[in-house]
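Colleague: Dropping a structure here in structure tokens format, bear with me for questions.
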Amino acid sequence: MLLGTLDMLILRTLVMGPAHGHTIAHAIERTSDEVLQIEQGSLYPALHRLEDRGWVSSYWGLSENNRKARFYRLTAAGRKQLRAETRRWRTLVEAIGRILGDTSIAE
């Protein structure tokens, strides 16, 4: 994944409401039709980074299976960051689309 993409996807997932790590990873995988697979070794460092930056906050709660889990929620600063990252991502996708524009290239 491009640098910062996982952060943006996590922030977007948390727009729906607080979630624990497993739920966040599953939501990203499900929403991407299983194209994106999120490894714990990438997810949890990203969540800690987002929390350090003040874009998410966390608290302890019970998961669906009544297990203790850390839940993450989007902060106002995180919502602002998500808007900025989404604008940057769309600009990048449009630029790449212009470069790749000719879909008649032989494979």
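What follows is calculated from the coordinates using simple rules that are stated; it is not laboratory data. Here the structure is a predicted model, which is why all the values come from computation and not from measurement. As a convention, Cβ positions derive from the backbone with ideal geometry for all residues, glycine included, and neighbour counts pool all protein chains shown.
Colleague: Mind checking the range 5-107 for trypsin sites (Lys or Arg not before Pro) that DSSP puts in a loop (not H, G, I, E or B) and that have at most 15 other Cβ atoms within 10 Å?
Modeller: For trypsin sites (Lys or Arg not before Pro) across the range 5-107 that sit outside H, G, I, E and B with at most 15 neighbouring Cβ atoms in 10 Å, the list reads ARG53, ARG67.
Colleague: Based solely on its DSSP helices, what 222 nm [θ] is calculated for the chain when runs of n ≥ 4 H residues each add -39,500 (n - 2.57) and the sum is averaged over all residues, nearest 500 deg cm²/dmol?
Modeller: It lands at -18000 deg cm²/dmol.
Colleague: If you don't mind, another one. SER58 versus GLU34, label points 7 Å from Cα toward the beta carbon: distance in nm?
Modeller: In this crude label model, SER58 to GLU34 measures out at 2.9 nm.
Colleague: Here is a follow-up. Using Cα springs under 10 Å in a Gaussian network model of the chain, which residue among LEU50, LEU14, LEU62 shows the largest mean-square fluctuation?
Modeller: Answer for the Gaussian network model of the chain: LEU62.
Colleague: In which sequence would ASP33, ASP7 go, from the one with the fewest C-beta neighbours within 10 Å to the one with the most?
Modeller: Fewest to most other Cβ atoms nearby, the residues stand as ASP33, ASP7.
Colleague: Related question: For THR86, THR13, THR91, what ranking results if the residue with the fewest other Cβ atoms within 10 Å of its Cβ goes first?
Modeller: THR91, THR86, THR13
Colleague: What relative contact order, as a whole-number percentage, does the range 10-107 give when Cα pairs under 8 Å and 6 or more residues apart are counted?
Modeller: Relative contact order comes out at 28 percent.
Colleague: Could you tell me which GluC sites (Glu not before Pro) in the range 1-43 are loop residues by DSSP with no more than 12 other beta carbons within 10 angstrom of their beta carbon?
Modeller: Loop-located and lightly packed - GLU34, GLU39.
Colleague: For the chain, with equal point scatterers placed on the C-alpha atoms only and solvent neglected, what are the log10 I(q)/I(0) values from the Debye formula at q = 0.12, 0.24 1/Å, to two decimals?
Modeller: Treating every Cα as an identical point scatterer, log10 I(q)/I(0) equals -0.46, -1.38.
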